[in-house]
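A.B. asks: Here it is, the structure, as structure tokens.
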């Protein structure tokens, strides 16, 4: 009690009481009822004060990320250098993957173009000979014994004009693996890019002795990819530009080392045999897969005498057995000429020549192309590389001008693929055959 007055007690329970902060009055006057009301008022009862801030319930505007074309350039610091290096490595990796694709499938386009031209040349050569041939190959009856393959008196075959390596000399058909290809003269780097090739130091198909043919297994059309599926009794038909059609019957297969040259030598100069060779296992060149076959005389044209004539003039008719007066092939000259083979598809080459083999000069192709051996490929590689870079830059600039990145892929995809093909084609000329 103060001054005789009873103290006032708040009738509200403690839980319902509103606690207000103590406010130090600006004057010594007592707190009025208006001040008490303003102090105890709820926020909804506060006076509204206009400000420049938006209401709290107004949603914030979405943060807009600037377009890639509007971003400021990055500072050229170490982060920028690492980023550029990463982009370069990624681009190089993608180009290497593309080059592998060219090796596996793009080279087949080049081989197909060559086969088309070889087909025209083969048809013209057959017409010049004046022979009528058929590509149909009879199927051997396993119950009928194989005829003898030894020929006592071989027939004289017409000797063709000069044949250069890389020209078509025959057509080969193997029904068991659905293979039909034209055969070129020679087994050099450029020869086997056209298809399968005949070893120039072996007898011609249809002649006495062992004719040897090699082909790629994983690149340039993969002609001998399924060669391992051949089994004894399968037919191998060959039609030559000399006008003869010959059917060889597979007798067996074997795997040998890449330097085992004995597999294509003549085991019997009085028998007509065939050897097909490619690399094994698939995708490697560590060993050679060899298929042996023997001529079926009952279904073949007359067998001729062995003759070698690649890159040479026809022999003098006055020479015995149609042979020229050139010196015989020696072991030294032949080994120097064929000591190294295209490792993806080339096959062993004999280092000795039987005395019955005609004495023609050895092939001049050494088959030893290594890294950067084709000096004529440097300029095309540089030019096509610049064109490829120009296509990429032009496509990006067009997309930047139109502010649409997808436009670079739509417009530049086809030109980039076409130019890349020719670029890879010339780069491939600088690589060894093993790659």
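The values are calculated or read from the model by the stated rules, or taken from the named source; none is laboratory data. None of the values given here were measured: they were computed from a predicted structure. With ideal geometry, Cβ positions are generated from the backbone for all residues, glycine too; neighbour counts draw on all protein chains shown.
A.B. asks: Which residue pairs have Cβ atoms closer than 7 Å, lie 6 or more positions apart in sequence or on different chains, and pair a first residue in region 105-125 that is within 14 Å of residue 191 (Cβ to Cβ) with a second residue that is assigned to a helix (DSSP H, G or I)?
C.D. replies: Going by the 7 Å Cβ cut-off, the qualifying pairs are 110/425.
A.B. asks: Residue under question is residue 293, and the condition is that it be within 23 Å of residue 194 (Cβ to Cβ), modelled with pLDDT of 60 or more, in a strand (DSSP E or B) and over 27 Å from the mean Cα position of the chain (by Cα); does it hold?
C.D. replies: The answer is yes for residue 293.
A.B. asks: Given the criteria in a helix (DSSP H, G or I) and touching a residue at least 40 places away in the same chain (Cβ under 8 Å), does residue 83 qualify?
C.D. replies: So residue 83 fails the test.
A.B. asks: Quick check: anything in region 263-282 more than 20 Å from residue 203 (Cβ to Cβ), surrounded by fewer than 17 Cβ atoms within 10 Å (Cβ to Cβ) and free of Cβ contacts under 8 Å to residues at least 60 places away in the same chain?
C.D. replies: yes
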